[in-house]
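To start, the structure itself, in structure tokens.
Throughout, read-outs are computed from the coordinates displayed, never taken from laboratory work. Please read all numbers here as calculations on a predicted model, not as lab measurements. Cβ placement follows ideal geometry from the backbone for every residue including glycine, while neighbour counts extend to all protein chains displayed.
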Amino acid sequence: MSLTQEVLKDLSTWCRISTTRDLETITRRVKDEGLSFLTITLPSFASDLQKGLDMGKVDHQLFQGFTFGRGGLPLFLGGFLDLIFDRGSGLLVDDPSVDAIFAIRQICLLHSKVALSCTPKRERKAIRGYIDCEKELKRNDAKLSTSTREDFARVSRLLWADVLSRVDKDIYDGNVVPKHGPGSTADGFRGNAKFKQREWTRRLEEYFPAGEYLFPNWGHYDYNDPTSFSLLEPGNERPVKVITVPKTLKTPRIIAMEPTCMQYVQQGIMELLVDSISRSDNMGRVVGFDDQGPNQSMANRGSSDGSLATLDLSEASDRVSNQLVRLMLQNHPHLARGVDACRSRKADVPGYGVQRLAKFASMGSALTFPIEAMVFTTCIFLGIEWGLRRPLTQRDVKSLRGQVRVYGDDIVVPVDFVHYVVSALETFGFRVNTGKSYWTGKFRESCGKEYYAGHDVSVVRVRQDLPALRTDVTEIVSTVSLRNQMYHRGLWRVAAFLDQWLGRIIPFPTVLPESPVLGRVSYLGHETQKLHPTLHHPLVKGLVVSSTIPQNEIADSDALMKFFLKRGELPFADRNHFTHSGRPRTVGTKTRWAIAC
């Protein structure tokens, strides 16, 4: 509440209004309703603001749960709303205050992403939604007509033929180089232990023989020794493990941990797919994997001239049907069989047991991100074809570069075709989140950046509780980041408040962003407490994050396999990588002298 109070004070100064009554309302309702007012109710207020900006007016269908005055606007945050809408009619004024729009969003979304565990009831609801999504996928697969499937396959060939042909040849030539991902797996292996796993499947064996992919060479491969190697038949394969992880207090995030052997091969195919798409003259400019900048700049352009729409999909990964993926890959048999071989067909869902999957994969598979992007892109261009009322050509695709962009489930499309694109996406079972999709008005959002009329109105969010003790390492690191983001956003009072808060717990010097020390950033530069005796670098004393890599030793053939799978010609950065590996179980801090810039 102290942080919220400082945010209100800062923004009241920005817009020259009083927020005394607003703070009283927040204080009273938090006392009555608890944290859910900050994490659920206020974000809904911000969502209704964006709807009002889209519609060009406020009516009583918006801001429900808040008292309206004599005019057409709520009393809560009324000073800011008066700078955006006419209080008498509720209509958008001719020149709405961008500062006021940012202020309302910053106040209401401040705690929208704080990492708090949901109630068991909300977790059960999310798991039930996962099961319901599976049922919807199966129904939608059955509804698709033959002509619709053929149209999807034809547009897919137009877009992806060269991309998929390259990967198809790579798989035929045996050029897949697998690797282990950093995360947890369904069978519980971490770090170096993944190189000790000896579980393989009959489906993998067909395209990725264990003697070549699981062992350093065929001399270590003993097919007849059941104690050192398990070859699982399709009916006995290990399912993915569905779990929930904290996202917001409203709903958790659902992910699925893949078996080690499946994730291992998925990573290799994913690298080939991403590389092939990036090399494509057309699709490399349409689909992004490591740079959100194009999406963000296009969202900004759309907010300025109204030419581009931004779309967001709900449950995006879980709604990619495996049948669509098969249609997309059907003319590339080696790739299709390779992808199918490393796709998990079953999921162990809490409370529901092992379920057969209609989706291609949940979030957790290494192939989910590139495959879903390709499927979404195909649906988008099919929708554009519907808008053109003629078959799509390569010239059309080329002409749309810079107007269509896909980064995961963040989508940018021309406004002229947005209704056709939405219709195409929904035809194939996807759900467009209308609360976070924008094509009317001047608000756009993509890849974490929000814009109104060409102005950046992106907000800063609290991710963790504020720290109380020196031992609250995660909270300290998050709050230092929060402080510096608030400073860069121009919320000086909030930054000063956090300076005092952190200063009571840790040494908090002024540093540049590149410094390893947890410190405050300033446009005035950095402080120097002393110089390095030989290098003459400016030094400050502060907290530096430290972590201990778990002990996880491998040797012999397992170590040899790790060496063979190394990317690049440079040696491993950590000389102890054969004895210690995996994500740190805990993170700590040390007070020491370190460079300030």
**Prompt:** Of the cross-linked pairs K113/K359; K51/K125; K241/K346, which ones have a Cα-Cα span greater than 19 Å in the structure shown?
**Reply:** K113/K359; K51/K125
**Fill in**
the range 83-117 scanned against label point 7 Å out from R70 along Cα→C-beta; backbone N under 20 Å for 83-91
**Message:** Quick check: pseudo-label points 7 Å beyond the Cα along Cα→Cβ at D290 and Q5, how many nm apart are they?
**Reply:** 4.7
**Item:** Where the Cα pairs of the range 128-225 fall when distances are cut into 5 Å bins, in %
**Value:** 2, 9, 12, 12, 13, 14, 16, 12, 8, 3, 0
**Item:** Pair-distance profile P(r), taking every C-alpha pair of the range 221-364, with 5 angstrom steps and integer %
**Value:** 2, 7, 12, 16, 18, 16, 12, 9, 5, 2, 1, 1, 0, 0
**Prompt:** Once you put a point 7 Å from the Cα of S557 and another 7 Å from the Cα of I131, both along the Cβ direction, what distance in nm separates them?
**Reply:** 4.3
**Request:** List the DSSP H helices in the chain whose Cα atoms stretch 15 Å or more along the helix axis and whose mean Kyte-Doolittle hydropathy is at least -0.5.
**Result:** 2-15, 42-55, 98-109, 146-172, 260-279, 368-388, 473-488, 492-503
**Request:** Determine the calculated [θ] at 222 nm for the chain from helices alone, applying -39500 (n - 2.57) to every DSSP H run no shorter than 4 residues and normalising by the residue count; nearest 500 deg cm²/dmol.
**Result:** -13000 deg cm²/dmol
**Prompt:** Stretch T434-T27 to full length: gain in nm at 0.36 nm per residue minus the Cα-Cα span?
**Reply:** 143.4 nm
**Prompt:** Relative to a virtual label point 7 Å from the Cα of K169 in the Cα→beta-carbon direction, which members of the range 323-356 show backbone nitrogen distances below 16 Å?
**Reply:** 332-335
**Prompt:** Thinking of the range 240-319 as a set of Cα atoms, what percent of all their pairs are more than 14 Å apart?
**Reply:** 78
**Complete:** Length gained, R337-Q61, 0.36 nm per residue minus C-alpha separation, equals 94.3 nm
**Request:** Write down the Å³ per residue value for the convex hull defined by the alpha carbon atoms of the chain.
**Result:** 183
**Complete:** Cross-link reach from K169 to lysines, straight Cα distance under 21 Å and at least 8 residues apart if same chain, gives K179
**Prompt:** Arranged by the count of other C-beta atoms within 10 angstrom, fewest first, what order do C597, C133, C108 take?
**Reply:** C597, C133, C108
**Prompt:** Contour minus end-to-end for T471 and S304, with contour as 0.36 nm per residue of separation and end-to-end as the Cα-Cα distance?
**Reply:** 55.5 nm
**Request:** Quote the relative contact order of the chain in percent (integer), defining contacts as alpha-carbon pairs under 8 Å separated by 6+ residues.
**Result:** 16
**Request:** Take the alpha-carbon positions of the range 501-565, form their convex hull, and give its projected area averaged over all directions (one quarter of the hull surface) in nm².
**Result:** 8.4
**Asked** Among L329, Y352, C342, whose Cα sits farthest toward the positive end of the charge dipole of the range 317-365 (+1 at Cβ of Lys/Arg, -1 at Cβ of Asp/Glu, about the Cα centre)?
**Response** L329
**Request:** Please list, or write none, the aspartates and glutamates whose alpha carbon is within less than 15 Å of the alpha carbon of K449, excluding same-chain residues fewer than 8 places away.
**Result:** D291, D312, D409, D410
**Nearby aspartates and glutamates by direct alpha-carbon distance to K541 (threshold 17 angstrom, same-chain neighbours under 8 apart not counted)** = D499, E514, E527
